[in-house]
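**Q** Sharing a structure, written as structure tokens. Questions coming.
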Amino acid sequence: GVVIGASLGGAVALVCVALLVFCVLRNRGRSHKQTSISEGPKPPSPAIENTKKNLISGISDCIEKSFLYSIEDLQKATQNFSPSSNIGGSVYKGTIDGKDYAIKIMKGDISQELRLLQKVNHTNL
């Protein structure tokens with residue numbers, strides 16, 4: 001009787017802990033998404049401006065002809081990255097100056113991916 005009771009109590013406690021962890025992780029993901037959507041664009045900080053300069057110098061050897069667009073231009077082109085403009089994953093269809101572009105949201109160091117894309121010979125890239 002004691003062993004069965006202790007086993008059932010331990011199993012119930014384990015299920016409760018697992019459920020609690022699941023709920024916390026799920027709510028943390030939701031609150032992060034809601035915060036980032038509702039905050040809207042922020043003015044760039046000096047650190048961001050410095051990062052942009054380093055990024056541009058780091059990828060300049062990857063592309064022969066580059067176009068730099070502001071985040072505002074990209075938001076306008078993709079209707080503020082709306083789901084209707086989403087092509088798949090983090091890629092959105094955007095129209096700038098009458099031309100359609102695939103606009104990818106990227107985080108971190110993108111120079112490696114740009115080097116890979118440079119090696120691909122395709123009319124859409």
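The values are calculated or read from the model by the stated rules, or taken from the named source; none is laboratory data. The model shown is predicted, which means the values in this text are computed figures rather than measured ones. We place every Cβ from the backbone using ideal geometry, glycine too, and count neighbours over all the protein chains shown.
**Q** Which one is modelled with the lowest pLDDT, of the residues in region 59-83 that are under 20 Å from the mean Cα position of the chain (by Cα), exposed (fewer than 15 other Cβ atoms within 10 Å of the Cβ) and farther than 10 Å from residue 94 by Cβ?
**A** 68
**Q** Please work out which residue is surrounded by the fewest Cβ atoms within 10 Å (Cβ to Cβ), limiting yourself to region 90-99 and to residues that are assigned to a loop (DSSP other than H, G, I, E, B) and free of Cβ contacts under 8 Å to residues at least 12 places away in the same chain.
**A** Among those residues, the one meeting the criterion is 98.
**Q** Out of all the residues in region 100-117, which are over 13 Å from residue 89 (Cβ atoms) and assigned to a strand (DSSP E or B)?
**A** 100, 101
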